[in-house]
Every structure is written in C-alpha cells, then in structure tokens.
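Just below is one structure, and these are the notes that go with it.
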Amino acid sequence: MGFYSKVEKETLYESGDVALGGIHVRHALITAGSKGLGRKVTETLLAKGYSVTVNYRQDEEAVSRLKEACPDCLDRLQFVKGDVTKKEDLLRIAETALNRFGRIDFLINNAGPYIFERKKLADYTDDEWYGMLEGNLSAVFHLFKAVIPIMRKQQFGRIITYGFQGAAHAPGWLHRSAFGAAKVGLASLTKTIAIEEAEFGITANMVCPGDIVGDMKEASIEEARKRIGKEKTPIGRSGTGEDIARIIAFLCEENSDLVTGTVIEATGGLNVINKNQTT
C-alpha cells in the first residue's frame, strides 16, 4: 500500500477496489487484538493483505511489540484503546475504524473477560457477574449494532465470536458459571445473526479454542509440534494462536459464505470443560 498517495488510498478504500496479491483490501475490526490469540489473528489478516483496526484495553507494551513486528504494515494497521465492557468505548472504536478505512468487513470479537479464580456461582459478586455478561455478550451486541448498517450497505460481512467447547449445547461448567452463561447465550446470538443477516451477504460463526495457555497463544503450529508428547491433548500437542487464526482467516474469505451459523471447536480432542471436575 506504500506506493499509493494518501488521496488515492482513501479513494480505493472507499470503493474496496484495492488488491494485494489478488486479495481485495478488506478491513477487520478485532477486539483485544494486540496480544494472545488476538495478536496471532491480527498478524494473519495483515499477512493476507487486509487492513486491521486493533482494539486494546491498556497494554501499551503489547501494542509497541506488535508495531515493531509489523513495520511494513503500519499503513494498514491502527490501534484504538477501549474497554469492551463499556458501550461508549465500543461505539467509539467502531467509529474510529470506519473513519480510518471507510469500511468494516470483518468483526472479530476476540475479547472475552475471564475470571481465573475457580469459584461457585454463589460466590460471585454483582460486579463480577455483570462484567462477564457485558464483556462477553453485550459487547458483541453493541459492536454488531454499530457495524451492521455498514456491512449491509457493502452486501458483505463476516462476524466472528468466540466460545468454549460444547457452548452450542449449553453444558454446565463447574466454577465458570458466569463466563459459561455468557458464551452459551452468545452461541445462540451468533446463530440468530447468521439467519437474520444472510440476505445481506453477512455470515456469523463462533470459534471455540481449546486449552491454549501461556506462550502457546502467540505460538505457531510448528512451535507446538516441537513439544509433541509433552501435552495432554489426544493429538499430542497444544493448540496455538495459529490454529485459531487459520480458522478465522478461512471464515473471513469471500468463498466461505456457505459456512454460517456454525460453532467450530479446535480442542485437539481434549475434554476442556470437564478436565478439572471432581464433583
């Protein structure tokens, strides 16, 4: 994109006619896209020639590291600080994304507030409960409302949500009640969006990562295979950020329009939600 003038780029972005390597420059908005699983998705979409608006909450160092890793992509990359549990922040993020690139083709709801302490529902505070619902369910609603007029006008859109193993079937999840309830609701919401928006060329799908922790969130599949036999998954390796990014990149393709309303699990065969259940 560096060989276009600013005026030319603005015109091309408006029309959606820019092509790099045969791929039209579409624009992705991803929440929590500067580190963890989100960073790997951001890097993958940039590698495909897309432009990306990355929301982050507060980790400026993660933003700096991503900028340093993608120096040739800075004209297709912007960062917007904001808290996904706050409606006003979400609306500002969407507006900033549209103002910069003139379109929003992919909405990737990567952010998902999570309480690591294992405790029963009766022990949750009101703030913890509502924080889980706002960040994992209501945030998707607010961003959906902000981008759907744009996607309808474009006659194209890809909406990605995140869940957990079994979310499509509403299982109980010991000590993860608030997060589980929000994600099960989101699974239904995702399927409903897929039906309601299909006529506008918009798809909606949920991706459910397995037990991907620590450095593996930003790792490649090749790196995970070097640790074969050291992980507890039936396939012998950990899941990685690349596994999730590959799925999302496929779902965002123009020719993936037949795949909508699905819940896709990437767990390596591991029973994630019951691994710690003893009662």
Inset, instruction - Among the candidates 269, 241, single out the residue that is surrounded by fewer than 18 Cβ atoms within 10 Å (Cβ to Cβ) and in contact (Cβ under 8 Å) with a residue 24 or more places away in the chain. - result: 269
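How do the strands (runs of 3 or more DSSP E) wholly within region 1-105 filter down when requiring 1 or more residues that are more than 21 Å from residue 248 (Cα to Cα) and at pLDDT 95 or above: which remain?
Details: elements: 27-30, 51-56, 77-81.
Ranges flagged: 77-81.
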Legend entry - Whichever residue in region 173-230 is part of a loop (DSSP other than H, G, I, E, B) and basic (Lys, Arg) and, among such residues, is modelled with the highest pLDDT: 176
Inset, instruction - Scan region 39-69 for residues that are farther than 21 Å from residue 247 by Cβ and open to solvent by less than 50 Å² (accessible area, probe 1.4 Å) and report the count. - result: 4
Legend entry - Failed criterion for residue 235 (all others in (1) modelled with pLDDT of 95 or more; (2) farther than 24 Å from residue 136 by Cα hold): (1)
Legend entry - Considering residues of region 112-128 that are outside any loop (DSSP other than H, G, I, E, B) and surrounded by 12 or more Cβ atoms within 10 Å (Cβ to Cβ) only, the residue farthest from the chain's Cα centre (by Cα): 121
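Checking the structure you have, find out if any residue of region 150-157 is of a type in the set (Lys, Arg), in contact with a helix residue (DSSP H, G or I) (Cβ under 8 Å, 6 or more places away or on another chain), in a loop (DSSP other than H, G, I, E, B) and at pLDDT 95 or above. Walk me through how you get there before you give the answer.
Of the residues in region 150-157, the ones of a type in the set (Lys, Arg) are 152-153.
Next, from what is left, pick out any that are in contact with a helix residue (DSSP H, G or I) (Cβ under 8 Å, 6 or more places away or on another chain): 152.
Checking the rest, the ones that are also in a loop (DSSP other than H, G, I, E, B) come to none.
No, the conditions are met nowhere in region 150-157.
Residue-wise test of (1) within 21 Å of residue 220 (Cα to Cα); (2) under 12 Å from the mean Cα position of the chain (by Cα).
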{"site": "42", "(1), (2)": "yes, yes"}
{"site": "50", "(1), (2)": "yes, no"}
{"site": "66", "(1), (2)": "yes, no"}
{"site": "70", "(1), (2)": "yes, no"}
{"site": "75", "(1), (2)": "no, no"}
Inset, instruction - Select from region 70-111 the residues that are free of Cβ contacts under 8 Å to residues at least 12 places away in the same chain and open to solvent by less than 70 Å² (accessible area, probe 1.4 Å) and list them in ascending order. - result: 89
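The values are calculated or read from the model by the stated rules, or taken from the named source; none is laboratory data. Quick caveat, the model's predicted, so the values are computed rather than measured. All Cβ positions, even for glycine, are placed from backbone atoms using ideal geometry, and neighbour counts span all protein chains on display. Note: areas computed on protein heavy atoms with side chains; ligands, DNA, RNA excluded. Shrake-Rupley method; radii C 1.70, N 1.55, O 1.52, S 1.80 Å.
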